[in-house]
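Worksheet for the structure shown next.
The values are calculated or read from the model by the stated rules, or taken from the named source; none is laboratory data. Small disclaimer: the values here were computed from a predicted structure and weren't measured. Cβ placement follows ideal geometry from the backbone for every residue including glycine, while neighbour counts extend to all protein chains displayed. Each accessible area value is taken on the protein alone, full model and side chains, heavy atoms only, with ligands, DNA and RNA left out. Shrake-Rupley method; radii C 1.70, N 1.55, O 1.52, S 1.80 Å.
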Amino acid sequence: MYLNFFQNLTAKIVAAGAILSAGSLWAEPQHGIAMYGDPQLPPDFVSLPYANPDAPTGGIIITGELGSYDSLNPLILKGSAPWQLRFLVYESLMGRNYDEPFALYGLLAESIDVGPNREWVEFVLRPEAEFSDGSPVTVEDVMWSYETLGTKGHPRYRGLWDKIESMEQTGDRSIRFTFNEDNPELALIIGMRPVLKKAQWEGLDFENSSLDLVPITSAPYTIGDYEPGRYVELDRNPDYWGKDVNFRRGTNNLDKIRLEFFADDTALFEAFKAGIINTIRETNAEKWKTQYDFPAVTKGDVVQSEITHQRPTGITGFVMNTRRPEFADWRVRDAMIHAFNFEYINDTLTGGAQPRITSYYGNSLLGMREGAADGLVKDLLTPFADELLPGALEGYALPVSDGSPRNRKNLAAAVDLMAEAGWTVQDGVMKNASGEPFDFEILLQQGQSENVAMAEIFIRALERIGITAQVTMIDPAQYKERTNLFDFDMTTFRRGLSLSPGNEQFAYWGIEAADQEGGRNWMGMKSAAAEAMINALLAAETRDEFLAATRALDRVLISGRYVIPVQDKYAVSRIAHVKELTYAADRLPIYGDWLGFQPDVWWWEGE
């Protein structure tokens, strides 16, 4: 089933004003919910559009992961757990269809109902829903999970808890949440929290759990064998309660998922060539063309698949911490962007094959347009003209070098920008008026050779204008601890952005998130303009208002010069895999290779 996303989005947003202002048109509980309009799939849908309901079960997928882990609990701030556990061993009341911008369908819940203006939402649990130990999933489990995650869980879960006015059991299998603010998206967000078994955690310290407890969950997979820091195996539960639920048909087909951990990406790639792991994602286009010529590929035992998508680029690059006084000045950040010789770096590392990210919402209609802001975008931004940085209203474009190693023009511009910020070259060293040198640390996680290579080229360029930068390599546990505390000057950064931006934007760019330990606003930006644009996109009642708000937000972000953007490594997903691992190539979701794709809808074709 193929959809034109933007036509679909247009229809949904045009309908939003009538639905959200005049009240719900639903007469009774429904099988699903969409942010705008009605969900695309009917109540009797066979399976998700990109799943194969006739897929066989069996086989194994073995992935390579960088770093290590010291916890099996991905729902708390403490420790480092394999990130996949959050999605593969926990279930929620509703599940995402990644072929729609933002639509949910019943998973643990058989139905959803909302108030006239989505001021409350009520779920009814499926009577057959049960945990892996055979015990039923109850309303008590749901209520305990929401309160525990909202008060003791990772910061990503806590913001929602503050927006809940009340949580009450309304029947044997039903629960209602009432909200304390006018925010229609909350009715969807609240359906996406993991549900845990309350009895398993009685008398235990949820916030400090690590490897001492293997979670009992309701998901298709359970945690099997594991060795801390080396591997963890997930086994498909043959007695999984939801195998006949339409949302699950054609998903979770593989009998075993094994995550193998490696110290660096070179070792990981060699493990793939040796057959130790049987699938790998490649983000370097040049390497994809030139280094996948080993025997397993030439014999056809390994297949190279390219997965397209329609989602925004998001942002990938080197983020600057504005909590540090030096990087609080936008002119210093702009100087760093000029000194970063992208064209030369891209040609050196990828053969120039990958385009640069030029905006946070590029590759979609949600991204800013070239040139000066006009129309609704201008109207939204103008009240913040005194706060906005150059380029937000006039139009912003990243500096482009001549591609040579010297990058003279942009380095000269960087020196001028540093001078405006109070830093000048004195005896060959960039110093301020007090004679203090400008130096900083680039914090990197061990094992990421491409990031190291980019940083080293960048450092050599900075040396030419008297700036000293040094790379500090640390293991994943230390890296997580330092980034949770925002203890860095500059580090690598990635935020994938969706086709349905909403409340999560506050977690990425919001003022409150800038001071929240473990939060996702790594750059520490505190922009009233950004917050206003997020509020505008949440309040949008028409297609034009929604597009204008996201495009205006994009302008605030890119002109804020918080991140040095690098190449778009995810414009096309490149997955090499053994020939037995396959997927429905003729029905890719609009999100492409995203959550819910591999391993969820892949299957094993063969003995």
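Quick look at the numbers
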item	result
So Arg482, is it open to solvent by 30 Å² or more (accessible area, probe 1.4 Å) and of a type in the set (Lys, Arg)	yes
Contacts under 8 angstrom Cβ, first residue in segment 561-573 being on the phi > 0 side of the Ramachandran plot, partner assigned to a loop (DSSP other than H, G, I, E, B), 6 or more apart	Arg561/Leu389
Which numbered condition Leu365 misses (of (1) out of contact with any Asp or Glu (no Cβ under 8 Å at 6 or more places or on another chain); (2) at pLDDT below 95; (3) open to solvent by 60 Å² or more (accessible area, probe 1.4 Å); (4) not basic (Lys, Arg))	(3)
Wholly enclosed helices (runs of 4 or more DSSP H) of segment 464-542 bearing at least 2 residues aromatic (Phe, Trp, Tyr)	504-509
Check on Thr550, open to solvent by less than 10 Å² (accessible area, probe 1.4 Å), closer than 24 Å to Pro184 by Cβ and either free of Cβ contacts under 8 Å to residues at least 24 places away in the same chain or of a type outside the set (A, V, I, L, M, F, W, C) (or both)	yes
Hits in segment 558-607 (condition: open to solvent by 20 Å² or more (accessible area, probe 1.4 Å), part of a loop (DSSP other than H, G, I, E, B) and among the basic types (Lys, Arg))	Lys569, Lys579, Arg587
Residue in segment 432-439 that is open to solvent by 50 Å² or more (accessible area, probe 1.4 Å) and in contact with a strand residue (DSSP E or B) (Cβ under 7 Å, 6 or more places away or on another chain) present	yes
Matching entry among Phe45, Phe102 (being surrounded by fewer than 23 Cβ atoms within 10 Å (Cβ to Cβ), hydrophobic (A, V, I, L, M, F, W, C) and in contact with a helix residue (DSSP H, G or I) (Cβ under 6 Å, 6 or more places away or on another chain))	Phe45
Residue check, Leu393 more than 20 Å from Ile315 (Cα to Cα), assigned to a helix (DSSP H, G or I) and among the hydrophobic types (A, V, I, L, M, F, W, C)	no
Matching option when the condition is touching a residue at least 40 places away in the same chain (Cβ under 8 Å), surrounded by fewer than 16 Cβ atoms within 10 Å (Cβ to Cβ) and closer than 30 Å to Gly32 by Cβ, among Thr178, Thr222	Thr178
Segment 134-173 - residue that is among the aliphatic types (A, V, I, L, M) and outside any helix (DSSP H, G or I) and, of those, surrounded by the most Cβ atoms within 10 Å (Cβ to Cβ)	Val137
Residue tally, condition under 19 Å from the mean Cα position of the chain (by Cα), of a type in the set (S, T, N, Q) and closer than 30 Å to Thr322 by Cα, over segment 548-607	2
3 or more residues open to solvent by 10 Å² or more (accessible area, probe 1.4 Å): qualifying strands (runs of 3 or more DSSP E) within segment 276-320	279-282, 302-307
Any hit, segment 202-210, residues being over 22 Å from Met35 (Cβ atoms), surrounded by 14 or more Cβ atoms within 10 Å (Cβ to Cβ), modelled with pLDDT under 95 and acidic (Asp, Glu)	yes
Selection count where residues are among the hydrophobic types (A, V, I, L, M, F, W, C) and under 25 Å from Glu270 (Cα atoms), scope segment 550-593	6
Some residue of segment 377-392 being touching a Phe, Trp or Tyr at 6+ places or on another chain (Cβ under 9 Å) and either open to solvent by less than 50 Å² (accessible area, probe 1.4 Å) or charged (D, E, K, R) (or both)	yes
